[in-house]
Amino acid sequence: MEAPLEIKETRPDPSWPAHGAVTMVDYSTRYRPELDLVLRVRATAPEPPGACAARRLMRLCAHSAPVGAPSQNLSLEIAPREKIGVVGRTGAGKSSLTLAIFRILEAVTGRIELDNVDIAPLGLHDLRSRLSIIPQDPVLFSGTPASGRHSRRGGRRGDDDAR
């Protein structure tokens, strides 16, 4: 069952999230109750202090734990304004990470915090309406940006168009 869209008792401040810090603590999830946990990483030596989040995420996606291998739940911190890329082979967990942040998949263990707010008790609209995603599939349009604006208005130029 999907969570409510809004929960008055847990509504975040209107300015949330203001900074963009992401913290995942001992996190794992699964697609269905009978399936294995996902977003688990191969149990290896811990990252050195100060290792960037992109490196940790790349380890997640490049070295996701095979079935039966010792693994651990995902813990990471992404600092505000830190730029990251999530890359990896098919099935490594890239999409699962996004589904977890948008709470399309709910946590089995651990938690996700955005700007120090645990997202689990939030209403889904309160969470999802404040997040953005850039799709991984590039989209190319023909013509110029101006021609795209004109086509939306039936081909008429408006006074607000830059010349």
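The values are calculated or read from the model by the stated rules, or taken from the named source; none is laboratory data. Since the model is a prediction, treat every value here as computed from it, not as a measurement. Reconstructed Cβ throughout: ideal geometry from the backbone, glycine too, with neighbour counts over all protein chains shown.
For GLU77, indicate whether it is at pLDDT 60 or above, part of a loop (DSSP other than H, G, I, E, B), of a type in the set (D, E, K, R) and touching a helix residue (DSSP H, G or I) at 6+ places or on another chain (Cβ under 8 Å). For GLU77, the condition - at pLDDT 60 or above, part of a loop (DSSP other than H, G, I, E, B), of a type in the set (D, E, K, R) and touching a helix residue (DSSP H, G or I) at 6+ places or on another chain (Cβ under 8 Å) - is not met. Looking at this structure, is VAL41 part of a loop (DSSP other than H, G, I, E, B), in contact with a helix residue (DSSP H, G or I) (Cβ under 9 Å, 6 or more places away or on another chain) and either closer than 26 Å to ASP115 by Cβ or at pLDDT 85 or above (or both)? No, not satisfied.
So, in region 75-99, how many residues would count as being small (Gly, Ala, Ser) and more than 13 Å from the chain's Cα centre (by Cα)? Final tally of qualifying residues: 5. I'm told MET58 meets every condition in (1) touching a Gly at 6+ places or on another chain (Cβ under 8 Å); (2) modelled with pLDDT of 85 or more except one. Can you identify the failing condition by its number? If we test MET58 against (1) touching a Gly at 6+ places or on another chain (Cβ under 8 Å); (2) modelled with pLDDT of 85 or more, just (2) comes out false.
If you take the residues of region 111-149 that are in a helix (DSSP H, G or I) and among the small types (Gly, Ala, Ser), which of them is modelled with the lowest pLDDT? Full working, then the answer.
First, pick out the residues of region 111-149 that are in a helix (DSSP H, G or I): 124-128, 145-149.
Then drop every residue that is not among the small types (Gly, Ala, Ser), which leaves 146-148.
Details: ALA146: 70, SER147: 69, GLY148: 61.
Out of the qualifying residues, it is GLY148.
Restricting the search to region 99-130, which residues are polar (S, T, N, Q) and either in contact (Cβ under 8 Å) with a residue 24 or more places away in the chain or touching a strand residue (DSSP E or B) at 6+ places or on another chain (Cβ under 7 Å) (or both)? Hits for region 99-130 are THR109, ASN116. The set of residues in region 88-110 that are among the basic types (Lys, Arg) and modelled with pLDDT under 95 comprises ARG89, LYS94.
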